[in-house]
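Peer 1: Structure below; questions to follow.
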Amino acid sequence: MPKTVDRDEQRRQIGAAVLRLASELGLDEVSVRTVAAASGRSPGAVQKYFRTKDEMLAFAAELAGERIEERMAAVDSGLPPREALRALVLTTLPLDAERRAEAAAQLAFATRAAHHPGLGAIRRQIDEDVRTALGGWLAAIGHGSGPDAAAGRLALADAVIALSDGLALRLLYAPDDRDALLRALDHALDALIPAPLQAGETLSRSRG
């Protein structure tokens, strides 16, 4: 019988090779040929799954976003709110080799997305997915009340995403500043999260 090929797994392996190349060498060095070599395939085999460089980059950007979302989903929901939010931010920061490679690739994608609408749309969708997930988490812990509560939660989610993006960028080019930047994270979270939530209480409970 002919060998069964898991098409999705093959695409994911090629996407992982794109991420490695983008982080190590930059997007200019990503091509069907270089990705084929990095993934142990022939160029023809790669083109069975991705016809162009942009198709490979689009899939790799989605794969990187998926990895971040998986790490965020693994954060212990039983932590006090401020600690949980800190843990969520840490899942996005380049604090180990794997996340550093992903962050470098994400930065390269973001730069390319400024001039490629298709890749930009994927990046915006990833941001929107993370924003919505954070807004839902804030609602679950009782953050905010009144008619503008949902908008306020999304505004806070936007602030947290901006904080995460800025710290990730700094950590890429100034890894020796890690301790100072993590202190900056704590200072920012203290300013963003109301005291009742830092203590592990929801606003609704504090009114009870």
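Peer 1: With every protein chain present, what is the per residue accessible area of the chain (1.4 Å probe, Å²)?
Peer 2: Accessible surface, normalised per residue, equals 54 Å².
Peer 1: Now, a different point. Please list Phe109, Phe59 from largest to smallest accessible area, probe radius 1.4 Å, with all protein chains kept in place.
Peer 2: Phe59, Phe109
Peer 1: Here's a follow-up. I'd like the accessible area for Ser31, computed on protein heavy atoms only with a 1.4 Å probe and all protein chains in place. Round to 10 Å², please.
Peer 2: 40
Peer 1: Also, quick follow-up: Cα axis of helix 97-113 to longest principal axis of the chain: angle in degrees, 0 to 90, nearest 10?
Peer 2: With both axes taken from Cα atoms, the answer is about 80 degrees.
Peer 1: Any idea what the relative contact order of the chain is, in percent, if you count C-alpha pairs under 8 Å spaced at least 6 apart?
Peer 2: Normalised by residue count, the contact order of the chain is 22 percent.
Peer 1: Additional query: Run lengths n ≥ 4 of DSSP H only: what is the helix-derived mean residue ellipticity at 222 nm for the chain, with -39500 (n - 2.57) per run over all residues, to the nearest 500?
Peer 2: Value at 222 nm, helices only, nearest 500: -23500 deg cm²/dmol.
Peer 1: Using only Cα atoms and rounding to the nearest 10 degrees, what angle (0 to 90) does helix 7-25 make with the longest principal axis of the chain?
Peer 2: The angle comes out near 80 degrees.
Peer 1: Considering only protein heavy atoms, what is the solvent-accessible area of Leu95 at a probe of 1.4 Å, reported in Å² to the nearest 10?
Peer 2: My reading of the accessible area for Leu95 is about 40 Å².
Peer 1: In percent, how large is the relative contact order of the stretch 73-138, given Cα pairs closer than 8 Å and 6 or more residues apart?
Peer 2: Across the stretch 73-138, relative contact order equals 13 percent.
Peer 1: Tell me, what is the 1.4 Å probe accessible area of Tyr49, in Å² to the nearest 10?
Peer 2: Counting only protein heavy atoms, the figure is 40 Å².
Peer 1: Go ahead and set up a Gaussian network model of the chain, Cα springs under 10 Å, then flag whichever of Gly40, Gly118, Gly78 fluctuates most.
Peer 2: Looking only at Gly40, Gly118, Gly78, the biggest GNM fluctuation is shown by Gly78.
Peer 1: Take the chain, connect every pair of alpha-carbon atoms lying under 10 Å apart with a spring to form a Gaussian network, then pick out the residue of Arg51, Arg71, Arg20 with the largest mean-square fluctuation.
Peer 2: Among Arg51, Arg71, Arg20, the largest GNM mean-square fluctuation belongs to Arg51.
Peer 1: Quick check on the chain: take the gyration tensor over C-alpha atoms, sort the square-rooted eigenvalues as a ≥ b ≥ c, and tell me if it's rounded (a/c under 1.5), prolate or oblate.
Peer 2: It is prolate, given that a/c is not under 1.5 and a/b is the larger ratio.
Peer 1: Relative contact order for the stretch 73-189: what is it in percent, counting Cα pairs under 8 Å that are at least 6 residues apart?
Peer 2: 28
Peer 1: Mind pulling the angle between the C-alpha long axis of helix 81-90 and the longest principal axis of the chain? Nearest 10 degrees, somewhere in 0 to 90.
Peer 2: 20
Peer 1: Looking only at Leu21, Leu185, Leu79, which one moves most when the chain is put into a Gaussian network model with springs between Cα atoms under 10 Å?
Peer 2: Among Leu21, Leu185, Leu79, the largest GNM mean-square fluctuation belongs to Leu79.
The values are calculated or read from the model by the stated rules, or taken from the named source; none is laboratory data. Small disclaimer: the values here were computed from a predicted structure and weren't measured. SASA here: full protein model, heavy atoms, side chains in, ligands and nucleic acids out. Shrake-Rupley method; radii C 1.70, N 1.55, O 1.52, S 1.80 Å.
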